[in-house]
Amino acid sequence: MTQATEKNLLDVSDLHVAYGKVEALTGIDLTLKEGKLVTVIGPNGAGKTTLLSAIMGILPSKGTIHFNGQDFICPNVETLVGHGLGLVPEKRELFSTMTVQDNLLLGAFQRYRRGDKSYNQTLNEIYELFPRLWERRQQQAGTLSGGERQMLAIGRAMMSKPKLLMLDEPSLGLAPLITREIFRIFTDLRSQGVSILLVEQNARAALKVADYAYVLEGGQVAMQGPASELANDPKVIEAYLGLASKHQELLSS
Amino acid sequence: MNFQIATLLGQDGLTNGAIYALLALSILLVFTVTRILLIPLGEFVTFGALTMAAMQMGKTPKLEWLLLGLVLIDCALDVYQQIKRHIDRNKMKMIALKLGYAVIIIALLNNLSLSEIPMIAQIALTLCLIVPIGPIIYRLFFQPLADAPALVLLIVSIALHVTMVGVGLLLFGPEGARTQPFSDTGFRLGAVMLKSQTLWVILVSIFLIVALFIAFERTLYGKALRATAVNRMGARLQGISPIFAGKATFALAAFIGSASGILIAPITTLYYDSGFIISLKGFVGAIIGGLVSYPIAAIGAVAVGMIEAFSIFWASNYKEIIVFTLIIPFLIWRSMNSHNVEDDE
């Protein structure tokens, strides 16, 4: 898993998702190369969360999802987790009445089941990455603050050693300083060779850390390109970044 | 009432209470993980007891045909799904293993002289026969409904209970049965004679409860089941499949149910339809625990056993009424105190 390999890790083509008769996604194409950080930005209701849920198999979809050399047609969540896909959902979905440590250990459930005993090492790595979680390891997850919960959710997803980590609005409801810390962690993770698909409202910060970006609008890809180009694209600036929102740039520095 | 009668009643109450506690824990376990109220749990109790009794009378328990039938349906469905999608070698191996298991159990049941083998072997065979029925029942009747509202699951559960009582009548006949006690000795404790079976029931129950506790607190598989109960979607995202969780809890429930049946069969005569009232008392315990708290459910279930035993002394005609009336104040108290409504997320 080095950045040199230019293999497509995730290849989504012509993905359709409908809630009843309402089509939420109409033919999305998206590719992600191994070791890259790709971001999907767009306004509320553009279908960003739906896209992640469909890739993860939480929502039924039409179209093909090619992940890590295999085709999945409307797969189920557990199979994909077993193949190395991890999702940190918007709602975090922590095990609130269990301890922080148990939450993390359960992230390695698939590895444990396969007989991979090296998960304790990953646990230590995660405690190194998030010293705060180490301090609170015996505390119930429900008692954590918003930022800590987000760290726990990311840490739990990392425990499965995913090939691709998908994050849904990781900065939602977090104070700017914490957001900055979380974004710094993405850069760290990427430099360790973890591929990341990041869905964000915080467009400026997301474009700053990403390699490539997609702009989603009304269930379709409206624009795409290298993140640095999109960040300077006048249309994107006008619609999502805004001249007045310079302060967001600080969040990712 | 003198001291001697009180200790005798207490002994009865504790024995029954221990069984109710086991059943309450499995009802609670199945409910929190799968949202199913396992009403047929009592049938596992009677199946366990009656299978044991049949073996001791030297008859081959007809329950083997139920196991074979269910395994065949299960495997047929598996094969059908394989053909519809694609053939997976590992899954095919699993199907062969399941069929092989059923055939081996049936071969053992038919070739051993069942009444002569040691009791421990009879117990093991009974458990091997009944425990697999749990997960198959989950797979056939509940897995296709995994996302259904709790009410639908409850209705299916009731239907299953009625069916299983019927199957029990068909397989075991209407006669009641009692088995030999595990050991014949009795113990003297002061002026009171303790039946050895009473001690067996209490010790095995405590052992099972402690084992369950350790499994759920210490092992990752146990934690995975708890996690499914806490947050279903969160668990799925860690690759803990609700199907796996459902089958595992049903296997545990079938195990606890049939083990309880084997334990109490030497003490009370059980008929094909006796299971329901027994599991209902476990259910009262589970309700006292608010269908969430394991320790309170266990204590509640022991209290139910005690109250039952003492009401036999004072008002034996009303013992069921007294036990089930007990549930009302608890329901009122629970509903006044609880703020969380419904189980839908």
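Give me a count of the residues in the range A:78-88 that are within 7 Å of another protein chain (Cβ to nearest Cβ) and at pLDDT 90 or above.
At the first step, the residues of the range A:78-88 found to be within 7 Å of another protein chain (Cβ to nearest Cβ) are A:78, A:81-82, A:87.
Next, from what is left, pick out any that are at pLDDT 90 or above: A:81, A:87.
Residues flagged as within 7 Å of another protein chain (Cβ to nearest Cβ) and at pLDDT 90 or above within the range A:78-88 amount to 2.
Residues checked against (1) closer than 30 Å to B:GLY282 by Cα; (2) among the hydroxyl-bearing types (Ser, Thr, Tyr):
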| residue | (1), (2) |
| --- | --- |
| B:LEU70 | yes, no |
| B:ILE73 | no, no |
| B:TYR101 | no, yes |
| B:ILE106 | no, no |
| B:THR126 | yes, yes |
Checklist entry - Given the range A:1-80, what strands (runs of 3 or more DSSP E) lie entirely inside it while holding 1 or more residues that are closer than 23 Å to A:ASN202 by Cα? => result A:22-33, A:37-41
Checklist entry - Quick check, is A:THR122 at pLDDT 90 or above, more than 10 Å from chain B (Cβ to nearest Cβ) and over 20 Å from A:MET56 (Cα atoms)? => result yes
Checklist entry - Can you name the condition, by its number, that B:PHE3 falls short on among (1) under 16 Å from B:ILE277 (Cα atoms); (2) out of contact with any Phe, Trp or Tyr (no Cβ under 6 Å at 6 or more places or on another chain)? => result (1)
Checklist entry - Under 6 Å by Cβ, and 6 or more places apart or on different chains, what pairs join a residue from the range A:154-179 that is away from chain B (no Cβ under 14 Å) with one that is open to solvent by 40 Å² or more (accessible area, probe 1.4 Å) and assigned to a loop (DSSP other than H, G, I, E, B)? => result A:GLU169/A:GLU90
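Please verify whether the range A:133-144 includes one or more residues that are open to solvent by 30 Å² or more (accessible area, probe 1.4 Å), at pLDDT below 90, more than 10 Å from chain B (Cβ to nearest Cβ) and in contact with a helix residue (DSSP H, G or I) (Cβ under 9 Å, 6 or more places away or on another chain). Full working, then the answer.
Just the residues of the range A:133-144 that are open to solvent by 30 Å² or more (accessible area, probe 1.4 Å), to begin with: A:134-140, A:142-143.
Those left that are additionally at pLDDT below 90: none.
No - not one qualifying residue is present in the range A:133-144.
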Item to check | Enumeration of residues in the range A:183-228 that are under 16 Å from the mean Cα position of the chain (by Cα), under 22 Å from A:PHE67 (Cα atoms) and open to solvent by 20 Å² or more (accessible area, probe 1.4 Å) | outcome: A:ARG190, A:SER191, A:GLN192, A:ASP211, A:TYR212
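If you take the residues of the range B:36-75 that are β-branched (Val, Ile, Thr) and not in a loop (DSSP other than H, G, I, E, B), which of them is most open to solvent (accessible area, probe 1.4 Å)? Show your work before the answer.
Step one: of the range B:36-75, the residues β-branched (Val, Ile, Thr) are B:36, B:39, B:45-46, B:51, B:60, B:71, B:73.
Next, only the ones that are not in a loop (DSSP other than H, G, I, E, B) stay: B:45-46, B:51, B:71, B:73.
On the way: B:VAL45: 0, B:THR46: 0, B:THR51: 0, B:VAL71: 8, B:ILE73: 86 Å².
So the residue we want is B:ILE73.
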Next on the checklist: Against the condition under 28 Å from A:ILE126 (Cβ atoms), among the small types (Gly, Ala, Ser) and modelled with pLDDT of 80 or more, how does A:ALA231 come out, does it pass?
Outcome noted: no
Next on the checklist: Within the range B:191-214, does at least one residue satisfy the condition of being farther than 30 Å from B:ILE117 by Cα and at pLDDT 90 or above?
Outcome noted: yes
Next on the checklist: Can you pull out every residue in the range A:151-178 that is over 21 Å from B:GLY239 (Cβ atoms) and surrounded by fewer than 22 Cβ atoms within 10 Å (Cβ to Cβ)?
Outcome noted: A:GLU169, A:LEU172, A:GLY173, A:LEU174, A:ALA175, A:PRO176, A:LEU177, A:ILE178
Checklist entry - Has the range A:40-62 got at least one residue that is more than 18 Å from the chain's Cα centre (by Cα) and away from chain B (no Cβ under 14 Å)? => result yes
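The values are calculated or read from the model by the stated rules, or taken from the named source; none is laboratory data. Just so you know, these numbers come straight off a predicted model, no measurement behind them. Heads up, the Cβs are rebuilt from the backbone with ideal geometry, glycines too, and the neighbour counts pull from every protein chain shown. The area values use the complete protein model at the heavy-atom level, side chains included, leaving out ligands, DNA and RNA. Shrake-Rupley method; radii C 1.70, N 1.55, O 1.52, S 1.80 Å.
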